[in-house]
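This report refers to the structure that appears directly beneath it.
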Amino acid sequence: MKIQLISPTEKYRESFLRGCREFQHEGLPWWSGGDLETVEQDFAAFVAKKLADSTRRTETLVPKTHLWAVAEEQFVGRISLHHELNDALRAEGGHIGYDTVPSFRGRGVATEMLRQALPVARALGLTAVLLTCDDTNAASIRVIERNGGALRETRPLATNRPLKRYYWITLP
Ligand SMILES: CC(C)(COP(=O)(O)OP(=O)(O)OC[C@H]1O[C@@H](n2cnc3c(N)ncnc32)[C@H](O)[C@@H]1OP(=O)(O)O)[C@@H](O)C(=O)NCCC(=O)NCCS
């Protein structure tokens, strides 16, 4: 499957919403906007907000670039890059996070999304990126390690949660 990373756009409205409905079964992720009906009603505003995140800075948020993965003219996943770390991201979240639409999993989408996102991170001025991942998330561990992630640390965040892995990828 040939995957292309693109900036959020209204062009992929239908398959993006379809993907979100699939995610709904796992609990809607934060990046879907939380309330799909609102997103559906004003998709242009949703896309605009995603694009604006790249320059938005608040007390808790750092600028973040959102990228969508498209294959065969369909939204198949998303990846986002924080331009820098703050204490919260250092503890959990790291620089880069990604999700593959459930019906497209196991076909190399996340591995390819991360591969293509690394030069984007480099272009943002980063020389190394932190990726955090649950110790139980075998697929994500594989994605990170296939992209050169070096495990720096594994530690508990809370007693009722899996251990957290901290990987760094050096950017050439
Ligand atoms: C983790 C996730 C992004 C992986 O996406 P994906 O597109 O299916 O990943 P890939 O197809 O690139 O697979 C990566 C590797 O994991 C392996 N893999 C896939 N699903 C797996 C599973 N359930 N258990 C073990 N390994 C698995 C694949 O075989 C592949 O290994 P390979 O390179 O040796 O063939 C996806 O499962 C997902 O969106 N999960 C929910 C959100 C999430 O966990 N995000 C990451 C947070 S750190």
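The numbers here are math on the coordinates, done by the rules we state, and not lab data. Owing to the predicted nature of the structure, the values given are computational and were not obtained by experimental measurement. Cβ atoms come from the backbone with ideal geometry, glycine included; neighbour counts cover every protein chain shown.
Here are a few things to note about the model shown:
- Most to least packed among 24-34, 132-142 [average Cβ atoms within 10 Å]: 132-142, 24-34
- Set of region 81-108 residues, backbone N closer than 20 Å to the point 7 Å along the Cα-Cβ line of Glu153: 82-97
- Expressed as a fraction of 2.2 N^0.38 Å, the C-alpha radius of gyration for region 4-170 is 1.01.
- Annotation for region 129-153 versus region 84-102: alpha-carbon center distance of 12 Å.
- Calculated FRET efficiency for the pair His25/Thr55, C-beta based, R₀ 45 Å, to 0.05: 0.85
- Placing +1 on each Lys and Arg Cβ and -1 on each Asp and Glu Cβ, with no other charges, gives the chain a dipole about its Cα centre of roughly 540 debye.
- Restraint check, Lys49/Lys164; Lys2/Lys49; Lys11/Lys50, Cα-Cα greater than 23 Å: Lys49/Lys164; Lys2/Lys49
- 14 Å beta-carbon shell around Ser15, net charge (K/R +1, D/E -1): -1
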